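Everything below concerns the one structure shown next.
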Amino acid sequence: MKDSAPPPFDTSFDPAYGVAVEVAPGVQRLTVNNPSPFTFHGTNSYIVGGRSVAVIDPGPEDEAHFSALMRALEGREVTHIAVSHTHRDHSPLTRRLKEATGAIVVAEGPHRAARPLHAGETNPFAESADSEFRPDIALGEGDRVEGDGWTLSAVLTPGHTANHAAFALDGIGILFSADHVMAWATSIVAPPDGAMSDYMASLERLLQRDDRMFFPGHGGPVADPPAFLRALRTHRRMRERAVLERIKAGDRHIADMVKAIYRDTDPRLHGAAGLSVLAHIEDLLEKGLIATEGYPSLAAAYELAG
């Protein structure tokens, strides 16, 4: 069986560490020097506005990045800090930036899992969560924050995490898509923090919008959001079919499915790939297409339903 074709990813990106790069009128990007297989060249922070600004995703606790942000913000009032989600490469620097600027912190809410832990289950991404984060204001779908000539609206996009939110720059056609949609790779959806059913529903929500540009949490922009979103949706559906095909072929365990489905993927990412397969497994179980004894897990055995 051939692996499902990926969307047309764009891996061309200059992180320009320490420099505020203008990516659109009134929008600057600063990239943290924290490259990894999961963060690409690093985490993107964005500054929106002119005299008064919002900072989107300050990033991890990183001294060089904090200094670069403060240089870029010199002479400007920071009224808001918007946080897309509570992974440690996005939110921890919020505390220092709030202390330095007095800005109001807005986000969907504190970190939480998409579902409760099963008996005996451990969360493989527990150390990646910024569990201390608390926003000053919790945002619901469509809630807005405003500054000097700009308005940001919350677009709730659970899936990568339960509290993931994108932020739309109203009237401009720009969406800060964080880790939900990225031009360079697919987002990791790893239970129990994330849920594939939520992720797919969030893709559909974004497909109903008319944004002309996405600025993600890692890598460069998504220049044709509708086409890219459709390609992502197709890719995820093909992954789901691939999981079903592996079970039909006799694979009972996720490790065997990963070896077949992700044979061309960097082996360092096979652990995350297993969690992605588990996310598809949980969705397929909810749909009644497959079965297992007890709770779904990385070690459980699976078969077709009926």
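The values are calculated or read from the model by the stated rules, or taken from the named source; none is laboratory data. Just so we're clear, the structure is a prediction, and the values are computed from it rather than from any experiment. Positions of Cβ are backbone-derived with ideal geometry, glycine not excepted, and every protein chain shown enters the neighbour counts. When the accessible area is computed, the model is the full protein with side chains, heavy atoms only, and any ligands, DNA or RNA have been set aside. Shrake-Rupley method; radii C 1.70, N 1.55, O 1.52, S 1.80 Å.
Please count, across the chain, the pairs of lysine residues with Cα atoms under 23 Å apart that sit 8 or more places apart or on different chains.
Details: 2/248; 2/259; 248/259; 248/287.
Close lysine pairs found across the chain: 4.
Starting from 0 in steps of 10 Å, tell me what percent of the Cα-Cα pairs of the range 67-116 lands in each bin.
22, 51, 20, 6, 1
Placing +1 on the Cβ of each Lys and Arg and -1 on the Cβ of each Asp and Glu in the chain, which of 67, 192, 254 has its Cα farthest towards the positive end of the resulting dipole?
Sorting the options by dipole projection puts first 254.
Any idea of the accessible area per residue across the range 178-244, 1.4 Å probe, to the nearest Å²?
33
Sort 234, 122, 86, 292 from largest to smallest accessible area, using a 1.4 Å probe on the heavy atoms of the protein chains.
Greatest to least solvent exposure: 122, 234, 292, 86.
Counting GluC sites (Glu not before Pro) as exposed when in a DSSP loop with at most 10 other beta carbons within 10 Å, what is the longest stretch of the chain free of them?
Working: sites that count: 74, 293.
Result for the longest clean stretch: 75-292.
Roughly to the nearest percent, how much of the accessible area of the range 1-64 is carbon and sulfur, given a 1.4 Å probe?
Looking at the range 1-64 in its full context, I get 56 percent from C and S.
Going through the range 182-275, which trypsin sites (Lys or Arg not before Pro) have at most 10 other Cβ atoms within 10 Å and a DSSP loop state?
For trypsin sites (Lys or Arg not before Pro) across the range 182-275 that sit outside H, G, I, E and B with at most 10 neighbouring Cβ atoms in 10 Å, the list reads 263.
Report, to the nearest whole %, how much of the accessible area of the range 230-303 belongs to carbon and sulfur atoms, 1.4 Å probe, protein only.
Ligands and nucleic acids excluded, carbon and sulfur reach 49 percent.
Could you grab the relative contact order for the chain? Cα pairs under 8 Å, six or more apart, rounded to a whole percent.
15
Among the trypsin sites (Lys or Arg not before Pro) in the range 1-87, which ones are in a DSSP loop with at most 11 other Cβ atoms within 10 Å of the Cβ? Mind listing them?
Taking the range 1-87 and a limit of 11 other Cβ atoms within 10 Å, the loop trypsin sites (Lys or Arg not before Pro) found are 2, 51.
What size of dipole, in debye to the nearest 20, comes out for the chain about its Cα centre when the only charges are +1 on Lys and Arg C-beta atoms and -1 on Asp and Glu C-beta atoms?
560
For the range 1-96, calculate the relative contact order in percent as a whole number, restricting contacts to Cα pairs under 8 Å that are 6 or more residues apart.
Computed over the range 1-96, the figure is 22 percent.
Which listed residue (24, 49, 36) has the Cα farthest towards the positive end of the charge dipole for the range 1-128, taking +1 on Lys and Arg C-beta and -1 on Asp and Glu C-beta about the Cα centre?
My answer, from the dipole projection, is 49.
Between residue 295 and residue 104, 0.36 nm times their residue separation minus their Cα-Cα distance comes to what?
64.7 nm
Taking the inverse of the average 1/r across all pairs of different Cα atoms in the chain, what Kirkwood radius in Å do you get?
Working: mean 1/r = 0.0505 Å⁻¹.
About 19.8 Å for the chain.
Could you go through the range 76-91 in sequence order and give the Karplus-derived ³J(HN,Hα) for each residue, using 6.51 cos²θ - 1.76 cosθ + 1.60 with θ = phi - 60°, rounded to whole Hz, and x for Gly and Pro?
10, 8, 9, 8, 9, 10, 9, 10, 6, 6, 10, 8, 5, 8, 10, 10
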